[in-house]
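Contents: one structure, followed by commentary.
Values in this text are rule-based calculations from the coordinates and carry no lab data. What you are looking at is a predicted structure, and each value in this text was computed from that prediction instead of being measured. Here Cβ is always computed from backbone atoms with ideal geometry, including for glycine, and neighbour counts include all displayed protein chains.
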Amino acid sequence: MKDLIIIGAGPAGITAAVYAARKKLDFTVITRDIGGQAAWSSDIQNYTGYQYISGPDLAQKFREHLQQFSFDLQEQEGVSRVEQIEGGFQVITSSKKEYTARTVIIASGKRPRLLGVPSEGKFMHKGVTYCATCDGPLFAGKDVAVIGGGNSALDAVLQMVRIANKVYLINIGQGLTGDPVMIEKVQHDPKVEILNETKTVDFFGDQFLKGVRVEVRGAGRDIPVEGIFVEIGLVPNSNCIDFVAKNPAGEIIINGAAETSVPGVFAAGDVTNVPEKQIIIAAGEGAKALLSAFKYLSTH
Ligand SMILES: Cc1cc2nc3c(=O)[nH]c(=O)nc-3n(C[C@H](O)[C@H](O)[C@H](O)COP(=O)(O)OP(=O)(O)OC[C@H]3O[C@@H](n4cnc5c(N)ncnc54)[C@H](O)[C@@H]3O)c2cc1C
């Protein structure tokens, strides 16, 4: 049985891992990727120590930092279930591997919310995508649409105006709700057409996406686009654990020491009910979670 299993290697999980290595714990990190959502941002200007860094570059820095230490890293592996066992916890992965540890830190972050229109599954990754940083370059010179009206949607639009021919911003609300500086940039970009109070009804195409069907005040309109970026918010990756307290949004409830309702299980970052979702906050929470786990291990 290990001392600790960390689930996720975004800013929270990576920071917990760095602290765990420095405390000489025997631990495993199980994660689908390195960097998490931080790798999706085109332009990070609020992570202390870097005036400007792109998401993929920050993820690479995180990876290099982790490589300084020797520990068990299970990358490209998803955790499907965490269970309580005698003296600790068992973690089962989607490839059916089993790991046990005396403590667990859940740092599994968030994932994009799906739109829920009938053809979403059919065109997923055949024109419909959820990450402009990752998939934006596939649509160079094409007409695309971004669906949403908050910061994630604005970020996607600002990335796509550099790459695409034209960008429709399809927003169901009356106005945009993100950062005023970003709203201003989007409103003044000649490549952007903003469609407020516009509901996305469905996508259309054959093998690949050819467009999006919308409804504006009861009137239907087909907009031909080859790429769609769905940017309507995020949901917590907390399904793998069902024995800790969560709020109605599915976020794991923690106290100021990153402790969950179950002793020995700690959580950090966007998967928790901590109000602000930012890289530096997730990193700080990851450090707190590890220090609390270390204290627990020392006293139990
Ligand atoms: C487009 C975009 C731009 C952003 N820009 C900024 C910005 O400029 N500045 C800023 O401060 N914040 C920004 N954010 C927010 C910031 O990225 C997040 O707050 C931060 O990444 C949260 O870190 P985290 O470690 O809690 O979770 P995440 O970054 O979500 O990482 C979660 C990790 O868990 C892994 N994982 C998930 N489920 C499982 C599972 N079941 N099993 C194993 N592993 C799993 C994932 O692979 C990932 O490695 C942005 C977010 C987005 C979406």
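Per residue, how big is the convex hull around the C-alpha atoms of the stretch 120-230? Give it to me in cubic angstrom, could you?
Values: hull volume 9.7 nm³, N = 111.
Residue-normalised Cα hull volume stands at 87 Å³.
Return, for the Cα atoms of the stretch 57-169, the radius of gyration and Dmax in Å, separated by a comma.
Reported Rg and Dmax, both Å: 19.3, 59.
Among DSSP beta bridges whose residues both lie in the stretch 120-230, state the antiparallel percentage, nearest 5.
Details: 13 of 29 bridges.
Beta bridges within the stretch 120-230, antiparallel portion: roughly 45 percent.
If packing is taken as the average count of other Cβ atoms within 10 Å, what order do 51-61, 1-11, 289-299, 257-267 fall into, highest mean first? Mind showing how you got there, number by number?
On the way: 51-61: 16.3, 1-11: 26.3, 289-299: 19.3, 257-267: 20.9.
Per-residue mean Cβ counts within 10 Å order the peptides as 1-11, 257-267, 289-299, 51-61.
Please name whichever of 104, 211, 289 sits farthest to the positive end of the charge dipole of the chain, dipole taken about the Cα centre and charges placed at Cβ: Lys and Arg +1, Asp and Glu -1.
It is 104.
Across the stretch 149-160, in residue order, what do the Karplus-derived ³J(HN,Hα) couplings come to in whole Hz, using 6.51 cos²θ - 1.76 cosθ + 1.60 with θ = phi - 60° and x for Gly and Pro?
x, x, 4, 5, 5, 5, 4, 5, 4, 5, 6, 6
If you fit an axis through the alpha-carbon atoms of helix 11-22 and take the longest principal axis of the Cα set of the chain, what angle between them do you get, 0 to 90°, nearest 10?
Once rounded, one gets 20 degrees.
What is the set of long-range amide H partners of residue 81 at a cut-off below 5 Å, with H atoms built 1.01 Å from backbone N?
92
For residue 201, what residues show an amide H to amide H distance below 5 Å, using hydrogens built from the backbone and excluding near sequence neighbours?
Residues meeting the criterion, in which the H sits 1.01 Å from N, are 213, 214, 215.
Hey, what's the Cα Rg ratio for the chain versus the globular rule of thumb, 2.2 N^0.38 Å?
In units of the 2.2 N^0.38 Å rule of thumb, it is 1.08.
Give me the net charge of residue 136's neighbourhood, meaning all other residues with Cβ under 11 Å from the Cβ of residue 136; Lys, Arg count +1, Asp, Glu -1.
Working: positive: 142, 162; negative: 135, 155.
For residues surrounding residue 136, the net value is 0.
Which whole-Hz couplings ³J(HN,Hα) result when phi for each residue of the stretch 284-300 is put into the Karplus expression 6.51 cos²θ - 1.76 cosθ + 1.60, θ = phi - 60°, listed in order with x for Gly and Pro?
Each residue's phi maps through the Karplus curve to give x, 5, x, 5, 4, 4, 5, 5, 5, 4, 4, 4, 4, 5, 6, 10, 10 Hz.
With a 4.7 Å Cβ cut-off, tell me which Cys residues in the chain come up empty for a partner.
So far as the 4.7 Å Cβ criterion goes, 240 stand without a partner in the chain.
Can you list the aspartates and glutamates whose alpha carbon sits under 16 Å from that of residue 61, skipping same-chain ones fewer than 8 residues off?
Within the straight-line cut-off, residue 61 pairs with 33, 43.
Apply the Karplus curve 6.51 cos²θ - 1.76 cosθ + 1.60, θ = phi - 60°, to the phi angles in the stretch 136-143 and return the couplings in whole Hz, x for Gly and Pro.
Result, ordered by residue: x, x, 5, 10, 4, x, 9, 8 Hz.
Counting only DSSP beta bridges with both residues in the chain, tell me the antiparallel percent, nearest 5.
On the way: 30 of 63 bridges.
In the chain, approximately 50 percent of DSSP beta bridges are antiparallel ones.
May I ask for the net charge around residue 277, where only other residues with Cβ less than 12 Å from the Cβ of residue 277 are counted and Lys, Arg are +1 while Asp, Glu are -1? Intermediate values should be presented prior to the final figure.
Working: positive: 110; negative: 251, 270, 276, 285.
Taking every other residue near residue 277 into account, the sum is -3.
Local charge sum around residue 49 (other residues, Cβ-Cβ under 15 Å, Lys/Arg +1, Asp/Glu -1)?
Values: positive: 61; negative: 57, 64.
Taking every Cβ under 15 Å from that of residue 49, the sum is -1.
Relative contact order for the stretch 50-146: what percent, with Cα pairs under 8 Å and sequence separation of 6 or more? List each step's numbers first, then the result.
On the way: 47 pairs, mean separation 11.4, N = 97.
The value is 12 percent.
Rounded to the nearest 5, what % of DSSP beta bridges with both residues in the stretch 3-76 are antiparallel? All intermediate terms of the calculation are to be shown ahead of the outcome.
Numbers: 2 of 10 bridges.
Of those bridges, close to 20 percent are antiparallel.
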